[in-house]
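Accompanying notes for the structure given below.
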Amino acid sequence: MILTACIFGVCQQKKVIHMSFFEAHDPVFSTFVLGNAPVKQLATGFDWVEGPVWFGDAECLYFSDIPNNRIMRVTQSGALSTYRAPSNFANGNTRDLQGRLISCEHGTRRVTRTEYDGQITVLADSFDGKPLNSPNDVVVKSDGSIWFSDPHYGIMTNYEGFKAKQELPCNVYRIDPETGEISAVVTDMACPNGLAFSPDESILYVADTGKMFDENAEQHIRRYEVHGDTVSKGAHFHTIDTGASDGFRLDTHGNIWSSAGDGVHCIDPSGKLLGKILVPELVSNVCFGGRGKHQLFITATTSVYVISLNRAGV
Ligand code: MG
């Protein structure tokens, strides 16, 4: 079905409904999906969408359209509007414990918080006296600390930010909720990217997408044991069999729902691939939302998709 719609002044070319298409690599995956639930295209016409975050109180999804320098929002019925433009080439987004928007900005090389009145507070823009590279993805722990990855993708070209000299290694940092101090917690990766905690927060998962620009680099998800404000040395957790993991979220059972080259892969806590949701575009990230957090929102290149699952997000 092809439709042309113009909602809130933002024109969309089409709304195509794709029926679900799953690959079960373990029989249990068939119980995670709903046989008649479509993979529905909610919005399209973007260049590289990322950073999905669900605002249940507003019943809409916020996400970044990085090359077009804007943060968009879309309702479950597909009503689309621009939230912030310019967005300083924002990438990853999440919410803090008070529900405020936390964003990674490539253009300004910082992590920000949007206050209730719309004012922007800078949470991190440097480490060790040097500017951050280009904060990419971010997660908030239950103690209020903010953990973010800082690869160099946003300063490599002028496409998703501004080309600039890299002055820091690509690390994962933690912002202390009391003091605002920033510490480097993961320093053994080529290009840390997506990150998320296990439901009990004993494990931090981090994707390394270093192979994109360095043949010899690792391209996998690593797991780190969390010890208070720090983590132990990482260990290999899972290598995506098609493409790479850019971003991911966990369900309440501890399964990882990760972006991949052919869709979304579901990986159990032991690192085993349970199944795939096939998506017709390269997927960058996902987040759970909707009533009961049983919907998985998928940012994929030019479009945002959603699918209802028999699983709920953490
Ligand atoms: Mg990312």
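One residue alone among 92, 99, 107, 78 is of a type in the set (Gly, Ala, Ser), more than 16 Å from the ligand (Cβ to nearest atom) and either in a strand (DSSP E or B) or under 30 Å from residue 131 (Cβ atoms) (or both), and that residue is 99. Find the residue count for region 281-309, including only residues that are surrounded by 24 or more Cβ atoms within 10 Å (Cβ to Cβ) and either free of Cβ contacts under 8 Å to residues at least 60 places away in the same chain or aromatic (Phe, Trp, Tyr) (or both). Number of matching residues: 4. Within region 39-54, the set of residues being away from the ligand (no atom under 16 Å from the Cβ) and either crowded, with 22+ Cβ neighbours inside 10 Å or part of a strand (DSSP E or B) (or both) comprises 39, 40, 41, 42, 43, 44, 54.
Any chance region 80-98 includes a residue that's among the aliphatic types (A, V, I, L, M), within 28 Å of residue 227 (Cβ to Cβ) and either buried (at least 21 other Cβ atoms within 10 Å of the Cβ) or without any contact (Cβ under 8 Å) to a residue 24 or more places away in the chain (or both)? Show your work before the answer.
Within region 80-98, the first condition is being among the aliphatic types (A, V, I, L, M), and the residues that meet it are 80, 85, 90, 97.
In the following step, the residues that additionally are within 28 Å of residue 227 (Cβ to Cβ) were identified as 97.
Now drop any that are not either buried (at least 21 other Cβ atoms within 10 Å of the Cβ) or without any contact (Cβ under 8 Å) to a residue 24 or more places away in the chain (or both), which leaves none.
No: region 80-98 contains no residue that is among the aliphatic types (A, V, I, L, M), within 28 Å of residue 227 (Cβ to Cβ) and either buried (at least 21 other Cβ atoms within 10 Å of the Cβ) or without any contact (Cβ under 8 Å) to a residue 24 or more places away in the chain (or both).
Examine region 221-231 for a residue that is more than 14 Å from residue 269 (Cα to Cα), more than 16 Å from the ligand (Cβ to nearest atom) and in contact with a Phe, Trp or Tyr (Cβ under 6 Å, 6 or more places away or on another chain), and state whether such a residue exists.
Taking region 221-231 first, the residues more than 14 Å from residue 269 (Cα to Cα) are 226-231.
Still in the list and also more than 16 Å from the ligand (Cβ to nearest atom): 226-231.
Subsequent filtering for residues that are in contact with a Phe, Trp or Tyr (Cβ under 6 Å, 6 or more places away or on another chain) retains 231.
The answer is yes, given that some residue of region 221-231 is more than 14 Å from residue 269 (Cα to Cα), more than 16 Å from the ligand (Cβ to nearest atom) and in contact with a Phe, Trp or Tyr (Cβ under 6 Å, 6 or more places away or on another chain).
Screening region 110-129 for residues that are within 21 Å of residue 230 (Cβ to Cβ) and not aromatic (Phe, Trp, Tyr) and picking the one that is farthest from the ligand (Cβ to nearest atom) gives 128.
Could you check region 284-305 and list, in sequence order, the residues that are closer than 16 Å to residue 44 by Cβ and of a type in the set (A, V, I, L, M)? Once the filter is applied, which keeps residues that are closer than 16 Å to residue 44 by Cβ and of a type in the set (A, V, I, L, M), region 284-305 yields 298, 300, 304. Being of a type outside the set (S, T, N, Q) and part of a strand (DSSP E or B) is the filter; apply it to region 179-191 and report the residue that is surrounded by the most Cβ atoms within 10 Å (Cβ to Cβ). It comes out as 186.
From the list 154, 161, 194, the one residue that fits, being under 21 Å from the mean Cα position of the chain (by Cα), within 16 Å of the ligand (Cβ to nearest atom), part of a helix (DSSP H, G or I) and touching a residue at least 24 places away in the same chain (Cβ under 8 Å), is 154. Within the option set 284, 258, being within 21 Å of residue 71 (Cβ to Cβ) and outside any loop (DSSP other than H, G, I, E, B) holds for one residue only, 284. The numbered conditions (1) in contact with a Phe, Trp or Tyr (Cβ under 6 Å, 6 or more places away or on another chain); (2) farther than 13 Å from residue 295 by Cα; (3) within 15 Å of the ligand (Cβ to nearest atom) are all true for residue 69 except (3). Restricting attention to region 130-139, the residues being in a strand (DSSP E or B) and within 16 Å of the ligand (Cβ to nearest atom) number 2.
The single condition from (1) of a type in the set (Val, Ile, Thr); (2) crowded, with 21+ Cβ neighbours inside 10 Å; (3) closer than 25 Å to residue 99 by Cβ that residue 155 fails is (3).
Counting the residues of region 61-75 that are outside any strand (DSSP E or B) and without any contact (Cβ under 8 Å) to a residue 60 or more places away in the chain gives 2.
For first residues located in region 265-279 and within 24 Å of residue 41 (Cα to Cα) and outside any strand (DSSP E or B), partners that are at pLDDT 95 or above and of a type in the set (Asp, Glu) and lie 6+ apart or on another chain with Cβ distances below 9 Å form the pairs 279/262.
The values are calculated or read from the model by the stated rules, or taken from the named source; none is laboratory data. Fair warning: this is a prediction, and the values are worked out from it, not measured in the lab. Ideal geometry is used to build each Cβ from the backbone, glycine not excepted, and the neighbour counts take in all protein chains shown.
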